[in-house]
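Scroll down for the structure; my scribbles are underneath it.
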Amino acid sequence: METPKLYFIDGAVPETPAPSGTPAPWTETRVVGKPLPRVDAYERVSGTAVYPSDVLLPDMLYGAVLRCPHASARVKKVDASAAEKMPGVRAVITGATKAADLRWYHSRTVFTKLFDPTCRFEGEAVAAVAAETPQQAWDAVRAIAVEYEVLPFVVDYHKALEPGAPPVHEGGNRVGETQKYQRGDVAKGFAQADKVLEVTYSTAAEIHTPMEMHGCVARWDGPRLTLWESTQGVYPIQQRVAAVLDMPLANVRVIGSYMGGGFGSKLQADKYNIIAAVLARITARPVKLFLTREETFLCVGNRPPDEMRLRAGVKKDGTLTALEMTVVGTGGAYPAGGTSLVDWLVRDLYTCPNVRTESTDVFVNGGPARPMRAPGHPQGAWALEQMMDALANTLGMDPVELRLKNIPTVSQANEGQPYTTTGLKQCLVEGAKAFGWNAARRRSKGDGPIKRGVGVAAGLWIAGDGGPPATVIVKLFPDGSANLNMGASDIGTGTKTIMAMVVSEELGVPIERIQIENADTLTTEYATASGGSKTVPTESPAVRDAALAVKRQLFEIAAEELKVPASELRIEDDAVVSTKDPKANKKIAALQGLRRRGLIIGVGTRGPNPEGKVINPFAAQFCEVDVDTRTGQVRVLRFLSANDSGRVMNRLTYENTVMGGITMGIGLALTEQRVFDRQTGKVVNCNLHDYKIPTAMDVPAEIVSNPIDVPDPEANSTGAKGLGEPVTIPTAAAVANAVYDATGVRVADSPISPMRLVALLAAPGTRG
Amino acid sequence: MAKKPKDKSGDCPHGVSRRGFFTAVGAGAIGAATLGRAQAAAGAPAAEAGEPTMVKLRINGRTHTILAEARWTLLFVLREKLGLTGTKVGCERGECGACTVLFDGIPRYACMMLAMEAEGHEITTLEGLMNGEELGPVQTAFLQEDAFQCGYCTPGQIMAAEGLLRTTPDPTLEEVRTGMSGNLCRCGTYSHIFKAVKKASELKKAAGR
């Protein structure tokens, strides 16, 4: 499995030239690792940060999209004549508009029109309007008369596989062949087991719902198009938009500036980019087109819902003998990885010689999925980590003990290649200690109707290694201040801050004297989209390489002026100093050679990862809940996350990321669920009231981050592995295990809603 | 204590109610004003946009006189007409809190209020908490405690915290939770937000504000 490909849907993974050197790992750091506030905090708390949705251009119009209200329909006729005559309306585009007659690709193999007559999910684009105000644009959208032939639909992924189910595509509802994986012999493994358990688990579809809605502002200057886009990566947007509009890359500029969250849903261009560009072209005016919150529930991605039948065999001493998993899931109406990576933890997290998995991805008439924070992994953890808990219970073993019994040192799913580092054991041991696991397990569950319990779950993330390509430029000004030019978007994870810290570490420049450019295809260097927990391990070695390139040139200049060989120089604060004679020193700002040049430019690139090794982050999480057995209400009281993500680059943003992943995982466990109406195939909870994400009332005040701060020297030159996704992988399973500990009830289906839990509490035979 | 709002259309002491909002707008404009789901019935009659009227707004101590349509929300006018984009847009239906402003000192969702309803009231936005280029105490606390990730809900969170601390200068954790419960953060930074509100309370006291 080549992990970077997860995030490249538009062609081969590009490569960058080799870095200029292979610096030794840092032995001690002066800046990196410190808990520093963000370099762009001022902009974000003062309101001066301009997010794409904040962009106001002179003479700007507003766009709105008419979307298909049916789960499956054919557009027979679109009459826009009334809409075109409405006040403020400047353009209406439909499938009949020549400028909008464009080919759109949903995946590498499936193409449709931009406004395709066949609508395979509720929310598919049918027509669009540009008007002087958004209110006028929506008036016009409502005035477009569309004649639909409403077709039979299927939104339930089990029903989609039944004979006679309405086909979402010609050729049926299977997305390719069932994917199979096998090692060893599971029949033999189950025969060796003392205990065998089989449970069918499921997770509901989640919606990303970043706070800033998806959208862009489009403006033309003659043949050149500029897009201000709320995105995790400006370059993938540029690539797709240029391809669809058949334009040179050089004529498509994508400005990322700030962005209000993505979680995987803003890694790719969307039809709205093209629609905005076409509307702007036709009207010869800038067009702002942001989706409504309701639209973001329908057509810009989701975490696929999956059903996972898991059978596990274990010996009395806790040794796993066999794991067998059958996954069925859906990425919606187009190929979008409905079961992608759901089985990965079963294949790789614990030592097990006999493993077999089968994954069947199914089409339904629902919005296409997009990668959502650790694709497949939280679903897989929901099944595997609840199963580990059930096995421990069956054997009368502590759940932490059972996991420790099965810690692998090599990646079995990668043909036994060793991990560069694995902190899984430390995560479990140190996490349990810091949480007070043993004492918490022994405490009474409570005599009244409110029961208390604790749970544990672990995980790893298939990626988080990063890798080429990445190019970064660091500039040093003659006064010793610096500029960092990097095309990677800071999606809220603190990327810019961490990279500034790397520059500061190497060049001694204080963080406040480093200017950082926001992602922009015109002005910043090539970077892949920020996703896959790979931004820090990808970009930070490239930044270090660029800073070292500056340092080499700086030392050459200083060597001449100090009459000291360049190899005997180091930087101390704002001066270059001889390592042999501290009196031989000069302030960087006083170097005549630097003044004469005006600027030193260092170019850095990202080298390849080590051959034959696997770089993964690991995690273990512990939580405590109480459950009101009368109402089924679950309260999460505290959480602890022990993460091995290599070096901690910034203790403050690290902790923040951990907390965010746990919060999102609590949503998966307890409240989040996209609901289709069975009668119509429409999504009934397209808003933040009916689709409930965690609020300030739903998360524990005590979320402890307990990092296993061990730099990974083989992974890359900064020793960091990814963090953003591993922090949400075990969370929901840990909550489910705590609910079991409190009540004796195993909730196999997410979310653990009060309704579902009280029903299970009342049902005979579900406890134990 | 903050002044009791003199809102005529709403009947909820801590924000305009949905019923009050609908009464004020009139049925015809609701669909348009709330920018509801796009799949309105084909050929449905379009809402009457109405003639723009003069509206005088007091925002951050300055008076703005603008021509506004009756259906324009305060949020729309702040962001798209006055360029005060510190106030963010997250749902336009009173669910997320990204557009929270202070309305006579009390946190309210700017998406759930018409611009004309705001006439005669004192509106404070994120920009109004600044002292020139200096951050206010709540903003400083959010910076120091790293109480955000992407930062998009942050202006609303800061306004909610500001409003809470004006009525409850020394809140307990439960009061902080309740006070901040109308503001969603998808990045999930609530625990740091709790710390930031406590810190802001200290900073405000130290500054005598």
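So here's what we get for this one:
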quantity	calculated
Burial ranking of peptide ranges A:419-430, A:236-247 (average Cβ count within 10 Å, highest at the top)	A:419-430, A:236-247
Difference of contour (0.36 nm per residue) and Cα-Cα distance, A:Lys159 to A:Gln679	185.8 nm
Cβ-derived FRET efficiency at R0 51 Å, A:Lys76 paired with A:Arg309, nearest 0.05	0.75
Sequence-distant lysines (8 or more away, or on other chains) whose Cα lies within less than 17 Å of A:Lys613	A:Lys534, A:Lys721
Set of aspartates and glutamates with alpha-carbon distance to A:Lys288 below 17 Å, sequence-local pairs under 8 removed	A:Asp54, A:Asp59, A:Glu132, A:Asp139, A:Glu212, A:Asp221, A:Glu229, A:Asp270, B:Glu80, B:Glu92
Normalised contact order of chain A, rounded percent, pairs of Cα under 8 Å and 6 or more residues apart	17 percent
Amide proton proximity set for A:Leu61, modelled H, under 5 Å, gap of 5+	A:Val287, A:Lys288
At R0 = 60 Å, FRET efficiency that the Cβ-Cβ distance of A:Glu560 and B:Thr168 yields, to 0.05	0.40
Where only alpha carbons of chain A are counted, the Rg and the Dmax (Å)	27.2, 86
Label-to-label distance, nm, for residues given as A:Ala762 and B:Glu51 (7 Å Cα→Cβ offset)	6.1 nm
Helical mean residue ellipticity (222 nm; -39500 (n - 2.57) per DSSP H run of 4+; nearest 500) of chain A	-7500 deg cm²/dmol
Inter-label distance for A:Ala250 and A:Gln192, nm, one decimal - labels placed 7 Å from Cα along Cα-to-Cβ	6.3 nm
At R0 = 60 Å, FRET efficiency that the Cβ-Cβ distance of A:Glu170 and A:Ala439 yields, to 0.05	0.50
The range B:95-200: chymotrypsin sites (Phe, Trp or Tyr not before Pro) falling in loop per DSSP and having at most 10 other Cβ within 10 Å	none
Number of partner chain Cβ atoms within 10 Å, mean per residue of A:143-150	3
Reachable lysines from B:Lys204, criterion Cα separation under 17 angstrom, eight or more residues apart if same chain	B:Lys195
Where labels lie 7 Å past Cα in the beta-carbon direction, separation of A:Thr27 and A:Thr178 in nm	5.8 nm
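Values in this text are rule-based calculations from the coordinates and carry no lab data. Remember, predicted model here, so these are calculated numbers, not experimental data. Counting neighbours? That spans all protein chains shown, and the Cβs are built from the backbone with ideal geometry, glycine included.
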